[in-house]
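In what follows, a single structure is set out as structure tokens and then discussed.
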Amino acid sequence: MTFSDTPGPIGIFDSGYGGLTILHGIRQLLPQYDYLYLGDNARAPYGSRSFEVVYQFTRQAVLKLFAMGCHLVILGCNTASAKALRTIQQRDLPIIDPSRRVLGIIRPTAENIGAITHTRHVGILATEGTIRSQSYVLEIGKLFPDIKVSGVACPLWAAIVEANEADSPGADYFVKKCIDQLMRKDPDIDTIILGCTHYPLLMNSIVKNVPDGVRVMPQGTYVAESLSDYLTRHADMERMITRGGTCRYLTTESEQRFGESARIFLHERVNPTHIDLE
């Protein structure tokens, strides 16, 4: 399989809509580049799927973005970062094209945690798949062995966001329930990582329900800063990214449905294009 050597956009992939919060954070910091967002919305959510299925779906998306001109792809999805990134980086890229890169969003978040927590007790709120993968526990443990990490799965949070119910009393109930469960696990937690890209849209409710003094850490800003640093350190890759300040959207779902849901995350109209990955 061969791909064009012509510079192209930065690819952002997510199983659903949450990666739009990652895209927004990146575009806020790096507006000069072109972006191509791909949401595998027809097969979402990935959270409860097996490692093998998530890997196969993510690999298909990465190959599609490569074929559409991307030299660098960000997996703007915690589940894909947890279950597929390492295999794609270590097994697939050397065969597919060693000059291309695929980056995740868990490590950039983990790298920043050491400077934020004072008690060295950190909480993770994420999907069932991300919690079960132990990815944050392992990644933070490699970087900061002294930090204790506790996680709780929040299976309904993403659905609440996509139903546009983030500011409802029902959302408050389920947000409080998960936060209380996490704090019972470890009352010394002073920093909570939002390990799902949907969760920043619940921030009003989250901040209202966390104990005083506990800091909440969404991912978008940290991923954007990490990407900026990466491109500074890898001038060869930076040269392969076009600079038109544009953003295109691809979805495996209906274009109308993607457009309606994307407005919840971006607060603007988008014009997506339908594609098939299989």
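The values are calculated or read from the model by the stated rules, or taken from the named source; none is laboratory data. Computed from a predicted structure; not experimentally measured. Methodologically, a virtual Cβ is constructed for each residue, glycine included, from the backbone with ideal geometry; neighbour enumeration extends over all protein chains shown. Areas reflect the complete protein model, heavy atoms only, side chains present, ligands, DNA and RNA absent. Shrake-Rupley method; radii C 1.70, N 1.55, O 1.52, S 1.80 Å.
Data table
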quantity	calculated
Which of 90, 4, 130, positive extreme of dipole for the chain (C-beta unit charges)	90
Net lengthening on full extension, residue 186/residue 138 (0.36 nm per residue, minus Cα-Cα)	15.5 nm
Relative frequency of Cα-Cα separations exceeding 30 Å in the chain, percent	26
Length-normalised contact order for region 130-222 - Cα pairs under 8 Å, 6+ apart - percent	28
Accessible carbon and sulfur surface of region 5-157 relative to its total accessible area, %, 1.4 Å	55
Average Cα contact separation per residue, the chain, under 8 Å, 6 or more apart, as relative contact order %	27
Packing rank of 96-107, 210-221, where each peptide gets the mean count of other beta carbons within 10 Å, highest leading	96-107, 210-221
Percentage relative contact order, region 27-148, counting C-alpha pairs under 8 Å, at least six apart	25
Average accessible area per residue (Å²) across the chain - probe 1.4 Å, nucleic acids and ligands excluded	45
Virtual spin-label span in nm between residue 168 and residue 263, 7 Å along Cα→Cβ	1.8
Cα-based helix-to-principal-axis angle, 255-266 vs the chain, degrees rounded to 10	50
R0 of 25 Å, Cβ-Cβ distance residue 275-residue 239: FRET efficiency to nearest 0.05	0.40
Gap separating the Cα centres of region 194-217 and region 1-48, nearest whole Å	24
Alpha-carbon gyration tensor eigenvalues x 5, square-rooted, for region 134-278, Å	30, 25, 13
Cα→Cβ-extended label distance, 7 Å offset, between residue 230 and residue 2, nm	2.7
